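Please treat every number below as a calculation from the coordinates, not as lab data. Note that the structure is a prediction, hence the values are computed from the model and not measured. Here the Cβ positions follow ideal geometry from the backbone for every residue, glycine too, while neighbour counts run over all protein chains shown.
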Amino acid sequence: MITALIIVVLLVAAFLGYVATRPNAFRIQRATRVKAAPESLYPLISDMKKFNTWNPFAKADPDAALTYSGPASGKGASYGWASRKLGVGRMEIVEATPSSRVVAKLDFVKPFEAHNIVEFTLEPKDDSTDVVWAMHGPMPFMSKLMTVFFNQDRMVGGEFEKGLANMKAAAET
């Protein structure tokens, strides 16, 4: 019985040691090419209400309570959400370079606390625009533990892909 307990303790310690060696930060990124000028795509990102017309996370719960504050678009524009399905959080634009880049601070409150950075970059290519949606942030121990069981890049990246497809459909019509 004691031998079995020692083995279990050693296995748990080895597993936790493995978790501790996981990266201390993450980055998830997806890209697409949209047949539209950066000037027509920028408002879809820098205006939080327009952003939520194609944002797959906002579309995931139509009953979520959304609140908007700050200017209508650009630096300082923000929206918050409260939802049984999505939790509670807030996103605020902290940097906005017209027709080329938007950076936002993304804060999750529930079901777990997390603080990340979201970046959109727009790069003109002939009659189209390359759009990159990225998110990065710290990876605390509990997040490292979760990534052992769940592929964060596949889950969040899949939503980014849906969102970029939604944006593309909206911009190209």
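Numerical summary
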{"quantity": "Fluctuation leader among 114, 20, 58 - the chain, Gaussian network, Cα springs under 10 angstrom", "calculated": "20"}
{"quantity": "Equivalent ellipsoid dimensions for segment 25-135 as semi-axes, Å, which come from the Cα gyration tensor, largest first", "calculated": "24, 15, 13"}
{"quantity": "Estimated FRET transfer efficiency (residue 72, residue 31; beta-carbon r; R0 35 Å; 0.05)", "calculated": "0.85"}
{"quantity": "Built amide H within the under 5 Å cut-off of residue 101, gap 5+", "calculated": "122"}
{"quantity": "The chain, relative contact order [Cα under 8 Å, separation at least 6], %", "calculated": "28"}
{"quantity": "Of 38, 23, 56, the one that fluctuates the most in a GNM where the chain has Cα springs shorter than 10 Å", "calculated": "23"}
{"quantity": "Among 142, 129, 156 - extreme Cα towards positive end, dipole of segment 101-173, charges at beta-carbon", "calculated": "142"}
{"quantity": "Burial order of peptide ranges 157-163, 141-147 (average beta-carbon count within 10 Å, highest first)", "calculated": "157-163, 141-147"}
{"quantity": "Relative contact order, percent, segment 102-173 [alpha-carbon distance under 8 Å, six or more residues apart]", "calculated": "19"}
{"quantity": "Gaussian network model of the chain, springs between alpha carbon atoms under 10 Å - residue of 45, 93, 28 with greatest fluctuation", "calculated": "28"}
{"quantity": "Rounded to 10°, Cα long-axis angle of helix 2-20 versus longest principal axis of the chain", "calculated": "20"}
{"quantity": "Stretch gain in nm, segment residue 154-residue 130, where the contour uses 0.36 nm per residue and the Cα spacing is subtracted", "calculated": "6.5 nm"}
